[in-house]
Every structure is written in C-alpha cells, then in structure tokens.
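**Student:** This is the structure I have questions about; it appears just below.
The values are calculated or read from the model by the stated rules, or taken from the named source; none is laboratory data. Keep in mind the model is a prediction, meaning the values are calculated, not measured. Here Cβ is always computed from backbone atoms with ideal geometry, including for glycine, and neighbour counts include all displayed protein chains. The protein model used for the area step is the full one, side chains on, heavy atoms only, and it has no ligands, DNA or RNA in it. Shrake-Rupley method; radii C 1.70, N 1.55, O 1.52, S 1.80 Å.
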Amino acid sequence: MVDVAAKQSTHRIAVAQGCIEMLPTTLALIAGGNAKKGDVMGIARIAGIQGAKRTSELIPLCHPIALTRVAMEFELLPANDTHAAQVRCLATAETVGPTGVEMEALTAVQVALLTIYDMCKAVDRGMTITDVKLLEKHGGKSGSFVVGV
C-alpha cells in the first residue's frame, strides 16, 4: 500500500458512472417493478453502497476508507436512434481523509450494474455493461479533475 500518513486530510469527492444496455422489454420489467427477483433499482442501490463500503476488501492494496456519504442515482433510458435501452448509474462517494474515493465510486457503479444483470439475466442474457468511468474527483493535493474539462 502507498503510505498516506503524511498526507493532509481533506474533503474528497468522486463521481463515477456506467450503463447497462438491455432489451426494451427488460427495461419495461424494471420500470414496472415486475422482475421475478424483486425491486431491481432498490436492490441495486443497496448493492452499490455496500460495494463502495467494501472496496478495500475487493481491490488489493486499496486503503480502507471511512466513507461519509455514498449516493446512487439511476436513470432508465428507453432505446432510441443512438443507444439501446439502458439503465445509467451514477455513484458519488465522499470522505474526509488522506486519500481519494475514486475506487469506491467506481466499485459502487460496477456492483450496482452487476446486480441489475444478476436480477434480470433470466429474461435477458445479452445485457452489456458499458462506459464505466470516473467523471470527476475533488480534494487532495491534486485538486479537481472533471472529464472533458
């Protein structure tokens, strides 16, 4: 692990996103709350938060972090000319500490999307997880990073 003992504790925020593409009928099942395994979005939200909290158990050499906030947002997007039906997930992780929360935000997104896949795979084995990436981070010595800026 990297030694962070000498680093200053600052308020740190990271935002990550990702999508899962699916059949329009699968999106309709999710939106209607009719998936056989239950409330897909509610369970994915809890799974994402739990994933963020357990990041250091999953990623070797990742510091355990006392998270002060994890927020999960989901957007259901019907198919159109530019994309398949999809659920977009946005995770925000925050802490006050000597190291950032990028890995926690990214893990939250991945775990939430994997949960959606697991809950819907019986009706749509062709779902694809795409575009998982860090959108922004704030805090620490390196300051802010925002995609596209």
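**Student:** By how many nm would the segment from Val146 to Asp118 lengthen if fully extended, with 0.36 nm per residue of separation less the alpha-carbon distance?
**Tutor:** On the way: separation 28, 0.36 × 28 = 10.08 nm, distance 3.11 nm.
Net length gain for the segment: 7.0 nm.
**Student:** Near the amide H of Val132, under 5 Å away, which other amide H atoms are found, from residues 5 or more places off or on another chain, if H is placed in the peptide plane?
**Tutor:** It is Cys19, by chain and number.
**Student:** Something else: In whole Hz, with x marking every Gly and Pro, tabulate ³J(HN,Hα) for the stretch 84-97 from phi via Karplus 6.51 cos²θ - 1.76 cosθ + 1.60, θ = phi - 60°.
**Tutor:** Computed from phi, the couplings for the stretch 84-97 are 6, 4, 7, 10, 9, 10, 10, 10, 10, 10, 9, 7, 10, x Hz.
**Student:** With a 1.4 Å probe and all protein chains left in place, how much accessible area per residue does the stretch 38-149 have, in Å²? Before the final figure, lay out each step's value.
**Tutor:** On the way: 5950 Å² over 112 residues.
Using a 1.4 Å probe on heavy atoms only, each residue of the stretch 38-149 averages 53 Å².
**Student:** Points 7 angstrom from Cα along the Cβ direction at Ala66 and His11: gap in nanometres?
**Tutor:** Those two pseudo-labels are separated by 1.7 nm.
**Student:** Sticking with this structure for a sec: What are the lysines whose alpha-carbon lies under 24 Å from the alpha-carbon of Lys141, with same-chain residues fewer than 8 places away excluded?
**Tutor:** Leaving aside lysines fewer than 8 places away in the same chain, those within reach of Lys141 are Lys7, Lys53, Lys133.
**Student:** Let me ask you something else. Can you tell me which aspartates and glutamates have their Cα less than 18 Å from the Cα of Lys121? Leave out same-chain residues fewer than eight positions away.
**Tutor:** Of all the aspartates and glutamates, those that pass the test against Lys121 - Cα under 18 Å, at least 8 places apart if same chain - are Glu21, Asp39.
**Student:** Within the accessible area of the stretch 107-149, what % is carbon and sulfur when the probe is 1.4 Å and the other protein chains stay in place?
**Tutor:** Values: 1360 of 2420 Å².
Using a 1.4 Å probe with all protein chains present, the stretch 107-149 comes out at 56 percent carbon and sulfur.
**Student:** Further question: Simple spin-label model, 7 Å along Cα-to-Cβ: Thr130 to Ala79 in nm?
**Tutor:** Result for the modelled spin labels: 1.2 nm.
**Student:** Could the peptides 36-44, 139-147 be put in order, highest first, of the mean number of other beta-carbon atoms found within 10 Å of their residues? Kindly include the intermediate steps, with their values, before the conclusion.
**Tutor:** Numbers: 36-44: 15.3, 139-147: 12.6.
Packing proxy ranking, top to bottom: 36-44, 139-147.
**Student:** How about Lys37: which aspartates and glutamates have a C-alpha closer than 16 Å to its C-alpha, ignoring those fewer than 8 places off in the same chain?
**Tutor:** Result set, ordered by chain and number: Asp118, Asp124.
**Student:** Would you mind getting me the FRET efficiency between Asn34 and Glu57? Use the beta-carbon distance for r and R0 = 35 Å, nearest 0.05.
**Tutor:** FRET efficiency, Asn34 to Glu57: 0.55.
**Student:** Helix-only estimate, please: 222 nm mean residue ellipticity of the chain, summing -39500 (n - 2.57) across DSSP H runs of length 4 or more and dividing by its residues, to the nearest 500. List each step's numbers first, then the result.
**Tutor:** Details: 4 runs with 46 residues, N = 149.
After summing the helix terms and dividing by residue count, I get -9500 deg cm²/dmol.
**Student:** Sequence-distant or interchain residues sharing an amide H contact under 5 Å with Val123, placed H: which?
**Tutor:** none
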